[in-house]
Amino acid sequence: MTHVAPPVRVLIVDDSVFNRRSIAGILGTSPAIEVVGRAADGEEALRLVSALKPDAITLDLEMPRMDGFTFLRILMTRTPTPVIVVSSYSQKENVFKALELGALDFVAKPDRFTDPELEAIREELVKKVLLARTMRMPSPRAAPPPIESTRRAVPSAGGARPAPERVVAIASSTGGPSALIEVFSRLPSGYPHGVVIAQHMPDKFTRTFAERLDRRSALAVSEAQDQDILYAGTAFVCPGRHCMDLENAPRSRYRVRVGPAAESDRYVPSADRLLRTAALSAGSRAVGVVLTGMGDDGVAGARAIMEAGGIVLAESESTAVVYGMPGAAVRAGVVSYVMPLGEIAAYLARL
């Protein structure tokens, strides 16, 4: 007899009647999802969470009476529940604040649900809500304070900017933004290595995310542009809807190449492509890191780094929000060490 899993029970929280109806319509297209309640603000949502005990929550952040941030703080203290933020492009900075407060992921919605992008959003929202049942709820962490006074040791104009001793290439997806902020907040001033990141994220959010990482880190972090040079103590985030390669540059430096995805790229940004080109250019000085995320992006790239004599770290199941990407790398046997997120951060800081 085949066991059929019960549907994922979802609470929709949004102050707009139209948005609540639209999100319910999107989720209703999946027989594996059941919308069990709708709330117009955080206060009503907390009451419904207590009464309905949903498996997942979709959350708007800008609401009257009790906004999404206050709701998240209380929810994660009382009844930790997987939360998917449904946010407009205009709320980019707020999305990352919500992720630091314990939200697991977000879906970028157009300003109007009649937008042609709706079909892609429908697929993404359904997929992430269905995944909520298998997500590991992390403990909410206080965001590290912005780093201003002690930040980077970059020489003044005319001074030689040092080449990185190693290249750290990081792959991440669902749960990645919060994990990356924790890692970057631990990297010390004067870090002798360069870092490149392939984080699966919509294109209009990657620059804001890079700016947030920059404020939380002693490294100089920015969204990559084609032909950028990777120096020691710098980090580049691959822009959304693009892929990033690493290539050798004069004086033992590295250059990033940013361009459209190729037909062979299964994910965009492609972690496989970034890690593979890191292996080709840095060889044994390449360090691959596979963090939380859905799917298996990064496995082929991790294999290339291992074959080049480099090191590959994978986040352990004990801390990964979604064990898809690191788990696939571990099962493929292309990992040097499996570590909880805190140990990965400490390892990279000591590297």
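The values are calculated or read from the model by the stated rules, or taken from the named source; none is laboratory data. Small disclaimer: the values here were computed from a predicted structure and weren't measured. We place every Cβ from the backbone using ideal geometry, glycine too, and count neighbours over all the protein chains shown.
Taking residues in the range 239-251 that are closer than 15 Å to Ser222 by Cβ, and partners anywhere that are exposed (fewer than 12 other Cβ atoms within 10 Å of the Cβ) and not hydrophobic (A, V, I, L, M, F, W, C), the pairs with Cβ atoms closer than 7 Å and at least 6 places apart or on different chains are His242/Gly259; His242/Pro260. Would you be able to say whether some residue in the range 43-58 is modelled with pLDDT of 90 or more, among the acidic types (Asp, Glu), in contact with a strand residue (DSSP E or B) (Cβ under 9 Å, 6 or more places away or on another chain) and within 26 Å of Met294 (Cα to Cα)? Yes, there is a match, as at least one residue in the range 43-58 is modelled with pLDDT of 90 or more, among the acidic types (Asp, Glu), in contact with a strand residue (DSSP E or B) (Cβ under 9 Å, 6 or more places away or on another chain) and within 26 Å of Met294 (Cα to Cα).
Being surrounded by fewer than 23 Cβ atoms within 10 Å (Cβ to Cβ), touching a residue at least 60 places away in the same chain (Cβ under 8 Å) and assigned by TED's automatic domain parsing to the domain that holds Gly176 is a description that applies to Val256. Reported count of residues in the range 331-344, each being assigned to a helix (DSSP H, G or I) and crowded, with 20+ Cβ neighbours inside 10 Å, is 2. Of all the residues in the range 279-324, those that are touching a helix residue (DSSP H, G or I) at 6+ places or on another chain (Cβ under 6 Å), part of a loop (DSSP other than H, G, I, E, B) and in contact (Cβ under 8 Å) with a residue 40 or more places away in the chain number 9. Counting only residues that are touching a Pro at 6+ places or on another chain (Cβ under 7 Å) and not acidic (Asp, Glu), which one in the range 293-325 is nearest to Ser336 (Cα to Cα)? Going through the qualifying residues, I end up with Ala314.
Scanning the range 27-40 turns up no residue that is assigned to a strand (DSSP E or B), under 26 Å from the mean Cα position of the chain (by Cα) and farther than 13 Å from Leu130 by Cβ.
Of a type in the set (Lys, Arg), more than 21 Å from the chain's Cα centre (by Cα) and at pLDDT 95 or above - does that describe any residue in the range 267-277? Checked the range 267-277: no residue is of a type in the set (Lys, Arg), more than 21 Å from the chain's Cα centre (by Cα) and at pLDDT 95 or above. Does the range 42-57 include one or more residues that are surrounded by fewer than 23 Cβ atoms within 10 Å (Cβ to Cβ), in contact with an Asp or Glu (Cβ under 7 Å, 6 or more places away or on another chain) and not polar (S, T, N, Q)? No, there is no match, as no residue in the range 42-57 is surrounded by fewer than 23 Cβ atoms within 10 Å (Cβ to Cβ), in contact with an Asp or Glu (Cβ under 7 Å, 6 or more places away or on another chain) and not polar (S, T, N, Q).
Within the span defined as the range 81-88, every residue fails to be over 30 Å from Thr206 (Cα atoms) and assigned to a strand (DSSP E or B). Against the condition surrounded by 15 or more Cβ atoms within 10 Å (Cβ to Cβ) and under 16 Å from the mean Cα position of the chain (by Cα), how does Asp214 come out, does it pass? Considered against the rule, which asks whether it is surrounded by 15 or more Cβ atoms within 10 Å (Cβ to Cβ) and under 16 Å from the mean Cα position of the chain (by Cα), Asp214 comes out as yes.
Looking across the range 266-278, the residues that are under 14 Å from Val299 (Cβ atoms) and outside any helix (DSSP H, G or I) come down to Arg266, Tyr267, Ser270.
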